[in-house]
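Everything below concerns the one structure shown next.
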Amino acid sequence: MVIEIKKLATSVVVTRKSTDLFTRYVGKLLFQKIQEKLKHLAEHEVVIIDFDGIRSVDASFVDECIVPLLELSQTNAFPFYIKLVNITDNVEYIVNQVIGMTHDQKRYIVMTDRLCKNGCHELGSISEMEKDIIEYCVINKQATSADIASFMHVSEAEARDSLLRLYEIRAVRKIHDDTVFQAI
Amino acid sequence: MAIIQIPDQCKDPFSFETVISLYQHIINQKAEGLDLSHVTFVDPYSLLCLLLIGRNYLRLTGNKLTLHRIPAQILQYMTRMDFFAHNIVDCDDTLEKHKHLKRSTTSSRLLEVIEIPGKEKESVRVIAKVIATFRKRALVILKHWFTLTMVDYLVTVISEICQNIFEHSLDSGFIAIQSYMYLNERIFRIAIVDSGIGIPGTFEYMPEIKTMSNAKLLQTVLTTPLSSKRRYGYGLCQVNAIMEQLKGSIFLRSENAYISVLHHRRSAKGSYIFLKDDCPSFPGTQFSITLIG
């Protein structure tokens, strides 16, 4: 599912002609609109949030729109995944800062379509090992715990634990097969 | 009732501390007005703080403060900035129509004084307007600094600070933006002020914060993800991080303390963060965001 956030923003009076998404108020409104669209979501679907036409956001917007969306992807009855595309440097920076903060032991990672300033395709609070695993998946499209074990020089059990942790925060996909993990 | 002389200290946030030291005197003496005849220059921060002094005076006494003997170029500037349009202070001088500064959109190096309401919905609408106008004029205002990314970051800064007004201050506030030359330096300044409960007031109910000095608290809100309300209290912290990237400076004043963070001096070995407690008391929170060079 592709959600063009600029199109959604045109239905909100204050952001109708704007290239910027700001304030908690706008964040809440857009999250509600995205939630309505998610009713038609299939299991394991990747929800692409397209930021084309949006220049900047602020922390309040991310806090009210992107963070709840990531939270929902982790807690929803069936799993789905979020990917941000066509983001500017500003959007990358603010999203990374906000979701990079851990809160109440909660952790969020979001995938993007570009190589970000942190040298990988994901934003948020992430360890070097996790970065390498996700990037391996991005390059190879998918990976098994055996692949990761061999790539990272760790035991298969350790690799599998890491992959499962990344799946729980929806940074990699696991569809039917418990052994194969796919890039988002 | 007396007319109080305002010294020529309206040039930047530091010099304006001298004027703030007269604030209690202005209120307690129920001054009839302020004499601006010695003032040679007013920066956007000082302009907005003068407006706050006038508004506090109006709220406390029920009367408008009158500005007397304003030098012609200062009156022109104040009129151009819509200082008197808010109907908060009076002026005993009138500016003839032909002396009004032109309002050309192609040469607009400023954003006039705009009130940020204290209620969420109205405020969001005004912030949208401020940001749209700033984007429209950015090429001229930020002539010497302009990149699209720079504008994007400054939009985030404006939006974050303006939101704090309705989220935390329990009052309305004002914003003004301008770029200008002062002492051979190019200066871009965003001033955002309110006269609400101030940052110490916002954190009154957090015991771990209460023991800090006010200046230390201002430093904490700029450097630590901390919020009295938000789940992710990152607003001011983010403003500071962005200004670090842009090598700008922040002056933040609240109640009786201020902090000045000079990121453009960070590469040098000396200090770049300055804290001051025990300043003259002035209600609310006042921001000055500056790019120099």
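Just to confirm the filter: which chymotrypsin sites (Phe, Trp or Tyr not before Pro) across segment B:137-208 are DSSP coil and have at most 14 other Cβ within 10 angstrom of their Cβ?
Sparse-neighbourhood loop chymotrypsin sites (Phe, Trp or Tyr not before Pro): B:F146, B:Y205.
Under 5 Å between amide hydrogens, which residues at least 5 positions from A:E4 or on another chain qualify, with H placed 1.01 Å from N in the peptide plane?
A:D50
So what is the relative contact order of chain B, in percent, for Cα pairs below 8 Å that sit 6 or more residues apart?
16 percent
For segment A:127-184, just say rounded, prolate or oblate: build the C-alpha gyration tensor, square-root its eigenvalues into a ≥ b ≥ c, call rounded for a/c under 1.5, and beyond that prolate if a/b exceeds b/c, oblate if not.
Here segment A:127-184 falls in the rounded category.
Would you tell me the mean number of C-beta atoms belonging to other protein chains that fall within 10 Å of each C-beta in B:146-156, as a whole number?
Average per residue, whole number: 5.
For each of B:E17, B:E204, A:E36, count neighbouring Cβ atoms within 10 Å of the residue's Cβ, then give the residues from fewest to most.
Neighbour counts put them in this order, fewest first: A:E36, B:E204, B:E17.
If you keep only loop residues by DSSP, which trypsin sites (Lys or Arg not before Pro) in segment A:61-156 have at most 13 other Cβ atoms within 10 Å of their Cβ?
Qualifying residues, ordered by number: A:R114, A:K117, A:K141.
Sort A:T75, B:T285 so the one with the fewest other Cβ atoms within 10 Å of its own Cβ comes first.
A:T75, B:T285
I'd like the trypsin sites (Lys or Arg not before Pro) in segment B:143-205 restricted to DSSP loop residues with at most 12 other Cβ atoms within 10 Å, sorted by number.
Values: sites: B:K143, B:R186, B:R189; in loops: B:K143.
The qualifying sites are B:K143.
Take the alpha carbon atoms of segment A:123-184, find their center, do the same for segment A:75-97, and report the distance between the two centers in whole angstrom.
Cα centroid to Cα centroid, the span is 18 Å.
Sequence neighbours fewer than 8 away in the same chain don't count; with that in mind, list the lysines whose C-alpha is under 19 Å from A:K141.
Partners within reach: A:K83, A:K131, A:K174.
To the nearest whole number, what is the average tally of beta carbon atoms from other chains within 10 Å of the beta carbons of peptide A:12-21?
The mean count of partner-chain Cβ atoms within 10 Å per residue comes to 4.
Direction-averaged shadow area of the convex hull around the Cα atoms of chain B, nm²?
15.4 nm²
Calculate the spin-label point distance for B:Q245 paired with B:I3, positioning each point 7 Å from the Cα along the beta-carbon direction, and give it in nanometres.
So the label points at B:I3 and B:Q245 sit 5.0 nm apart.
With r as the distance between the Cβ atoms of B:D92 and A:N140 and R0 = 56 Å, compute the FRET efficiency 1/(1 + (r/R0)^6) and round to 0.05.
0.15
Using the 10 angstrom Cβ neighbour count as an exposure proxy, how do A:C116, B:C237 rank, fewest first?
Ordered from fewest to most neighbouring Cβ atoms within 10 Å, A:C116, B:C237 come out as A:C116, B:C237.
Which far-off residues, 5 or more places away or on another chain, put their amide H under 5 Å from the one on B:I116, with H placed in the peptide plane?
Amide H neighbours of B:I116: B:G173, B:F174, B:I175.
State, as an integer percentage, the relative contact order of segment A:127-184 based on alpha-carbon contacts under 8 Å between residues 6 or more apart.
With pairs under 8 Å counted, the relative contact order is 37 percent.
Let me know the shape class of segment A:1-125, please: from the alpha-carbon gyration tensor, a ≥ b ≥ c as square roots of the eigenvalues, rounded when a/c is under 1.5, otherwise prolate if a/b is greater than b/c, or oblate.
Details: a/c = 1.37, a/b = 1.08, b/c = 1.27.
Verdict is rounded for segment A:1-125.
If you take the charge dipole of segment B:1-77 about its Cα centre, with +1 on Lys and Arg Cβ and -1 on Asp and Glu Cβ, which of B:I26, B:Q73, B:Y57 is farthest toward its positive end?
The residue sitting farthest along the positive end of the dipole is B:Y57.
Of the options A:G124, A:I134, A:A9, report the single residue whose Cα projects farthest towards the positive end of the charge dipole of chain A (beta-carbon charges: Lys, Arg +1; Asp, Glu -1).
A:A9
Averaged over its residues, how many other protein chain Cβ atoms are within 10 Å of peptide A:63-69's Cβ atoms?
Rounded to a whole number, the mean comes out at 2.
Just order B:92-99, A:61-68 by mean Cβ neighbour count inside 10 Å, highest at the front, would you? Each step should come with its number before you reach the end.
Numbers: B:92-99: 9.9, A:61-68: 24.1.
Going from most to least packed, we get A:61-68, B:92-99.
Taking amide hydrogens as modeled 1.01 Å from N in the peptide plane, which residues meet the under 5 Å criterion relative to A:T23, leaving out close sequence neighbours?
A:D58, A:S60, A:F61
Give me the percent of Cα-Cα pairs in segment B:162-257 that sit more than 16 Å apart, rounded to a whole number.
61 percent
Which value in nm describes the separation of the simple spin-label points at B:S267 and A:V85, placed 7 Å from the Cα toward the beta carbon?
The answer from the label model is 4.0 nm.
So, in Å, what gap is there between the alpha-carbon centers of segment B:101-154 and segment B:276-293?
Cα centroid to Cα centroid, the span is 21 Å.
For the protein assembly as shown, what D do you get in µm² per second when you plug the Kirkwood radius from alpha-carbon pairs into Stokes-Einstein at 4 °C and 1.567 mPa s?
Estimated diffusion coefficient is 53 µm²/s.
No value in this document is a laboratory result; all are computed from the given coordinates. The structure displayed is predicted, hence computed values, not measured ones. Don't worry about glycine lacking a Cβ; one is built from the backbone with ideal geometry, like all the others, and counts go over all protein chains shown.
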